[in-house]
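Asker: Have a look at the structure that comes next, please.
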Amino acid sequence: MQPLLDARGRWTVLAVCCLSMFLVGLDTTIVNVGLPAIGDGLGVGTRGLEWVVDAYTLVLAALLISSGALADRFGRRRVFRYGLAVFGAASLLCALAPSAGVLVAARALQGIGASMLSPVALAIVVNAMPDPKERARAIGVWASVFGLSMAAGPVTGGALVEALGWRSLFWINAPVVVAALVLSAVFVPESRAPRPQRLDLPGQALLTVAVAVSVGVLIEGPHIGWTSPAALGLYGCAAVATVAFVRVESRRPEPLMDLRLFRRPVFGGAVLGALAVFVALNVTLLLSTFYLQHGRGWTPLAAGTATLPMAVGATVCAPLAGRLVGRLGPRPPLLLAGGFLTAGGLCLVGLDQDTGVPLLLTAYLLVGIGFGFANAPLTNTAVSGLPPARAGVAGAITSTARQLGAALGIALAGGLVATAGPTELARASRPGWMLVAACGAFLLLVAHASRPRKDTTGVAAARAR
C-alpha cells in the first residue's frame with residue numbers, strides 16, 4: 001500500500017501531471033500556425049500538412065484507452081515516464097526532420113507518447129487525492145490547464161515561428177520533458193489498479209483501422225477523387241472495420257470500449273458533443289491559419305496573435321463552466337457553449353478578402369468562449385449517474401472523441417481549402433464556418449437532452465452496490 005502524501009506532495013503531483021497535460025494540449029494546436037512555414041520549408045502542400053497535424057491526433061485518439069489499461073497493469077508512473085521519454089525523443093525527431101514523410105512519422109510517434117501521458121496523468125492525480133472535494137478542485141485545475149494549452153497553442157506557435165523558425169515548435173518540448181522526467185522521478189508515487197483491465201488487442205487493432213481510414217479518406221479524397229476505385233475501397237474498409245469492431249466489443253467480457261454505455265442517449269449525446277466541439281475548434285484554427293497567412297499575407301506572429309481572443313475566452317470561461325455545473329448542472333453552460341459557438345461561426349459565413357479585423361477578432365472570441373464553456377459540462381454529462389468503475393471508461397471514451405474530433409476538423413477544413421489559391425481562400429472556407437455554426441447548434445440539442453443532476457453521487461453508489 002502506498003504512503004499517503006501530505007497536502008504539498010499531492011499538489012506537487014498535480015503540478016507535474018499538469019505540466020505533461022499542457023504539452024499534450026499544446027502540441028495539438030501549436031503546429032497549426034506553423035503549417036505554412038513547414039510547407040515552404042519541406043516543399044509540401046495542404047494535403048501533406050493535414051497529415052502533419054492528424055498523424056498526431058489520430059494515434060493519440062486510437063491509443064488513449066489502451067494506454068490507460070497498460071498503466072493500470074504495469075504501473076502508472078512507469079508508463080507516464082515512458083510516455084515522456086517517447087514524446088521527447090519524437091519531438092527531437094520532428095525538429096530534425098529532413099522531409100515531410102519523416103515529420104509525419106515522428107508526429108505519429110509523438111502521438112504514441114502523448115497517449116501515455118493524458119489518461120495516465122489524470123489517473124495519477126485521482127489516486128493521489130483520496131478526498132473527494134480536493135480531488136474535484138484538482139480536476140478543475142486540470143481541465144483549466146488543458147483548455148489553456150489548447151487555446152494558447154496558436155499564439156505560442158506564431159511567436160516561435162516568427163523568432164526561431166518552424167523547427168522551434170518541436171525544440172521547445174525538450175526542456176519541458178526533461179523537467180517533467182526529473183520531477184516525476186522525485187515526487188510522483190507509483191500506483192496500479194487493484195484489478196487492471198485486460199488488454200483488448202483485437203478491439204485496439206480494429207479501432208485504429210476504422211479511425212485512421214475514415215480520416216485518411218477525408219484527407220486524400222480531393223486528391224484521389226471521391227468516387228474513384230481507391231476511395232470506394234477505403235469506404236468499404238472503414239465500414240468493415242467499424243462493423244467488426246462493434247461485433248468484437250459486444251462479445252468481449254472486458255472490451256476496449258464498453259458500447260453498452262451508448263444505450264444511454266445522454267451519454268451518446270455528450271460523446272458526440274465533445275467530438276463536435278473539437279471539430280469546430282480545429283476547423284477554426286486551420287481555416288484561420290491559411291486565410292490570414294496565405295490569403296491576407298499576415299506573418300505567423302500576427303496570425304497567432306489574432307487568435308489571442310480565443311485563448312482568453314477559453315481560459316476565462318473554463319473555470320466558470322465548472323462552477324456552473326456544480327451549482328446548476330450541465331445544461332446552462334452547454335447552452336452558453338452552443339450559443340457562442342454558433343454565433344462565432346455565423347460571424348464569418350460571409351468571409352471575404354477584406355473582412356474587417358474587428359469582426360475576425362469577435363468571431364475568434366466567441367468560439368473561444370464556447371470552447372471554454374463546453375468541456376466541463378460534456379464530461380459531467382457523460383459520467384453522471386454512473387458508478388466509479390464505469391465513469392473512468394466513460395471519461396476515456398469522451399477524451400477519445402475529442403481527439404477524433406480534432407482529426408476530423410483538420411481533415412474537413414483542409415479538404416475545403418486544399419486547391420484554393422490565396423484570393424480564393426475566403427470563399428472556399430465559408431462552408432467551414434457554417435460547419436462551426438452547425439457544431440454549436442448541435443451542442444444546443446445536447447443541452448436540451450441533458451438533465452440537471454440530482455444526487456448523482458447517491459445514484460452512482462446505489463448502482464455500484
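Asker: Do you know which residues across region 20-54 are closer than 18 Å to S399 by Cα and either open to solvent by 10 Å² or more (accessible area, probe 1.4 Å) or touching an Asp or Glu at 6+ places or on another chain (Cβ under 6 Å) (or both)?
Answerer: F22, L26
Asker: Given the conditions (1) of a type in the set (A, V, I, L, M); (2) more than 27 Å from M129 (Cβ to Cβ); (3) touching a residue at least 24 places away in the same chain (Cβ under 8 Å), and given that L201 satisfies all but one, which numbered condition is not satisfied?
Answerer: For L201, the exception is condition (3).
Asker: Looking at the structure I just gave you, is L272 of a type in the set (A, V, I, L, M), touching a residue at least 60 places away in the same chain (Cβ under 8 Å) and assigned to a loop (DSSP other than H, G, I, E, B)?
Answerer: Spelling it out, it is not the case that L272 is of a type in the set (A, V, I, L, M), touching a residue at least 60 places away in the same chain (Cβ under 8 Å) and assigned to a loop (DSSP other than H, G, I, E, B).
Asker: Please verify whether region 131-153 includes one or more residues that are surrounded by 18 or more Cβ atoms within 10 Å (Cβ to Cβ) and at pLDDT 90 or above.
Answerer: The answer is no; no qualifying residue exists.
Asker: Given (1) at pLDDT below 90; (2) open to solvent by less than 20 Å² (accessible area, probe 1.4 Å), where does G273 come up short, assuming only one miss?
Answerer: Failing condition for G273: (1).
Asker: With the requirement that a residue be of a type in the set (G, A, S), without any contact (Cβ under 8 Å) to a residue 60 or more places away in the chain and part of a helix (DSSP H, G or I), what does region 396-436 give you?
Answerer: Once the filter is applied, which keeps residues that are of a type in the set (G, A, S), without any contact (Cβ under 8 Å) to a residue 60 or more places away in the chain and part of a helix (DSSP H, G or I), region 396-436 yields only A428.
Asker: Quick check on A105: is it assigned to a helix (DSSP H, G or I), under 20 Å from the mean Cα position of the chain (by Cα), of a type outside the set (D, E) and surrounded by fewer than 19 Cβ atoms within 10 Å (Cβ to Cβ)?
Answerer: Spelling it out, A105 is indeed assigned to a helix (DSSP H, G or I), under 20 Å from the mean Cα position of the chain (by Cα), of a type outside the set (D, E) and surrounded by fewer than 19 Cβ atoms within 10 Å (Cβ to Cβ).
Asker: Is it fair to say G344 is open to solvent by 10 Å² or more (accessible area, probe 1.4 Å) and over 19 Å from the mean Cα position of the chain (by Cα)?
Answerer: No, not satisfied.
Asker: Also, quick follow-up: Does any residue in region 255-267 that is under 18 Å from G68 (Cα atoms) and of a type in the set (D, E) come within less than 9 Å, Cβ to Cβ, of a residue that is at pLDDT below 80 and open to solvent by less than 20 Å² (accessible area, probe 1.4 Å) six or more places away or on a different chain, and which pairs are these?
Answerer: D258/A394
Asker: Name the residue, out of V161, V177, that is at pLDDT 80 or above, closer than 12 Å to M21 by Cα and not aromatic (F, W, Y).
Answerer: Checking each option against the conditions leaves just V177.
Asker: Considering R252, R260, R247, which residue is closer than 19 Å to V213 by Cα and open to solvent by 20 Å² or more (accessible area, probe 1.4 Å)?
Answerer: Criteria check complete, one pass: R247.
Asker: For region 418-465, what are the residues that are modelled with pLDDT under 60 and either closer than 24 Å to P332 by Cα or aliphatic (A, V, I, L, M) (or both)?
Answerer: Of everything in region 418-465, those that are modelled with pLDDT under 60 and either closer than 24 Å to P332 by Cα or aliphatic (A, V, I, L, M) (or both) turn out to be P452, R453, K454, D455, T456, T457, G458, V459, A460, A461, A462, A464.
Rundown of residues vs (1) open to solvent by 60 Å² or more (accessible area, probe 1.4 Å); (2) out of contact with any helix residue (DSSP H, G or I) (no Cβ under 7 Å at 6 or more places or on another chain); (3) within 30 Å of R252 (Cα to Cα), yes/no style:
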residue: V176; (1), (2), (3): no, no, no
residue: V182; (1), (2), (3): yes, yes, no
residue: F187; (1), (2), (3): yes, no, no
residue: Q197; (1), (2), (3): no, no, yes
residue: D200; (1), (2), (3): no, yes, yes
residue: G203; (1), (2), (3): no, no, yes
residue: L206; (1), (2), (3): no, no, yes
residue: S214; (1), (2), (3): no, no, yes
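Asker: Collect the residues in region 320-350 that are within 15 Å of L285 (Cβ to Cβ) and aliphatic (A, V, I, L, M), keeping them in residue-number order.
Answerer: L341, L348
Asker: What residue, of G83, G75, is open to solvent by less than 10 Å² (accessible area, probe 1.4 Å), of a type outside the set (S, T, N, Q) and under 18 Å from the mean Cα position of the chain (by Cα)?
Answerer: None of the others qualify; the one that does is G83.
Asker: Next question. Only one of these is more than 30 Å from F245 (Cβ to Cβ) and either open to solvent by 10 Å² or more (accessible area, probe 1.4 Å) or polar (S, T, N, Q) (or both): L93, L58. Name it.
Answerer: L93
The values are calculated or read from the model by the stated rules, or taken from the named source; none is laboratory data. Bear in mind the structure is a predicted one, so any value in this text is a computation, not a measurement. Note that each Cβ is placed from the backbone with ideal geometry, even for glycine, and that neighbours are counted across all protein chains shown. Quick note on the areas: whole protein, heavy atoms, side chains included, nothing else; ligands and nucleic acids left out. Shrake-Rupley method; radii C 1.70, N 1.55, O 1.52, S 1.80 Å.
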